[in-house]
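Below is one structure, written out as structure tokens; comments come after it.
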Amino acid sequence: MKRHVYALTLAAGWLMLAAASPAAAEELRREGQFWVETVNGTEPIAPNGTMRIATLGAVSIKGGVQDQLSYSFTKKVRASNQADAKRQLDQFVLRASREGSTTTLRVAHGTGVADLQVTAPRTVASVQVETHGGSVAVADMNGAVTAVTGGGPIRCDRIGGEVVARTAGGEIALDEIRGGVRCESAGGNIRARVVRGSINCGTAGGEITIQEAGGPVRVSTAGGNIRIARAASTVNADTAGGAIDIGQASAMVRAETGGGPIDVGGANGVRCESAGGAIRLGNVTGSVRASTSVGAVLARLLAGGRFSDGFLSTGGGDITVFIPSNLAVTIRAQNTAVAQGVRRIVSDFDEVNVRVDGPLVVGEGSINGGGPVLRLAGSGGTIYIRRQR
């Protein structure tokens with residue numbers, strides 16, 4: 001998977017920002033080793049417009065029923081005395097502007113900590129957030145959300161539109177998203193609870209966990225496990241070093257791992273490949289193909305499903321396939337012989353004839369009159385063809 005370096009620069013089309021609107025600043029206060037000042041203010045905003053935020057630290061945005069944007073800007077610095085603290089705090093600049101239907105808040109300068117909390121009408125059509133270093137949290141917005149951070153986690157919840165999230169070093173957590181999702185992390189986990197649209201996510205160093213997806217899923221990680229509980233469409237999952245676990249998918253599942261097991265609880269078609277782990281397929285139908293270099297392969301064909309063709313193989317382990325008693329299928333199985341003796345093919349179906357053919361053990365037969373071909377290829381284990389009752 002490609003690793004991304006996130007350039008946190010503002011788009012060239014952003015206009016020069018006007019002076020900040022009048023805001024009320026609290027008195028300086030001491031919190032442990034920090035001097036703290038909070039500035040509160042409001043800005044007009046179009047109910048269906050765009051909100052842009054560019055800042056240095058953590059950002060929290062929440063939608064509400066009010067008709068304007070309100071903010072609380074908290075600045076923290078280390079200083080030996082109040083005068084020095086005031087000088088440092090004054091270096092932080094928050095400017096606001098409005099151009100057409102776009103309202104912009106921008107924080108610049110400063111060497112301490114600058115956290116920004118914003119409340120805006122939830123009807124805003126688009127929220128765009130960019131911070132050079134800090135967490136981003138957005139909740140209760142009806143429109144689309146774009147969140148980019150150079151070093152912190154991103155969390156989105158109850159978002160009505162598409163979510164685009166990118167972080168150079170943190171976790172991405174998505175709770176309830178009614179649109180689609182596109183997200184990338186250079187070093188963190190990606191978690192999604194409910195996404196009604198499509199999902200396209202990648203991380204260079206973490207796990208990916210999805211509870212429910214309403215559209216196609218495409219996920220990739222260079223170093224972690226992948227877990228998808230339910231998917232209403234296709235699934236494409238790829239990890240360079242971890243396990244893949246797909247609970248239930250309504251369409252084709254394609255899964256590939258460079259070093260771990262693959263589990264699919266149910267799918268309408270599978271394409272699975274592991275370089276070093278077992279493959280377990282349950283209640284699968286359609287086209288079924290699975291191969292592993294080292295590990296067992298187990299497949300349970302769905303009773304009442306429409307099987308089209310299949311190929312199961314392993315370079316070192318058993319192959320077990322459960323076939324519904326009324327499914328019409330043609331078996332073509334072969335296993336290798338070894339110096340210690342002949343590797344076996346064991347079948348619960350009398351129609352499957354097992355014989356030794358030179359260095360191979362071959363099992364062939366037409367079950368229930370024959371149908372789509374299921375090919376089984378083993379090396380170093382036993383092939384079991386079981387009747388599913």
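Any read-out appearing in this document is the output of simple, stated calculations on the displayed coordinates, not a laboratory observation. Predicted model only: the values in this text are computed from it and were never measured. No Cβ is skipped: glycine too gets one built from the backbone with ideal geometry, and neighbour counts run over all protein chains shown.
Based on the Cβ-Cβ distance from Ser293 to Arg178, what FRET efficiency comes out when R0 is 41 Å, to the nearest 0.05? Efficiency at R0 = 41 Å is approximately 0.50.
Once the Kirkwood radius over Cα pairs is known for the range 43-170, the Stokes-Einstein relation at 37 °C and 0.692 mPa s delivers a diffusion coefficient of 221 µm²/s.
Alpha carbon centre of the range 237-302 versus the range 42-71: separation in Å? Cα centroid of the range 237-302 versus Cα centroid of the range 42-71: 45 Å apart.
Each Lys or Arg adds one and each Asp or Glu takes one away; over the other residues whose Cβ falls under 11 Å from the Cβ of Asp115, this sums to +2. Across the chain, C-alpha contacts under 8 Å between residues 6 or more apart give a mean separation that, scaled by the residue count, equals a relative contact order of 8 percent. Using R0 = 51 Å, the C-beta based FRET efficiency linking Ala328 and Asp140 works out to 0.40.
Give the shape of the range 258-389 as rounded, prolate or oblate, defined through the alpha-carbon gyration tensor: a ≥ b ≥ c are the square roots of its eigenvalues, a/c under 1.5 means rounded, and otherwise the shape is prolate if a/b is larger than b/c and oblate if not. Since a/c reaches 1.5 but b/c is at least a/b, the shape of the range 258-389 is classed as oblate. Residues Glu130, Glu171, arranged from fewest to most other Cβ atoms within 10 angstrom of their Cβ, appear as Glu171, Glu130.
Size estimate for the chain follows the Kirkwood approach: the inverse of mean 1/r over distinct Cα pairs works out to 24.0 Å. Computed from the C-beta positions of Ser72 and Val194 and an R0 of 41 Å, the FRET efficiency is 0.85 to the nearest 0.05.
Both numbers refer to the Cα atoms of the range 134-206; Rg and Dmax are 10.7, 31 Å. Distance between the modelled labels on Val65 and Ser80, one decimal in nanometres: 5.4 nm (7 Å Cα→Cβ projection).
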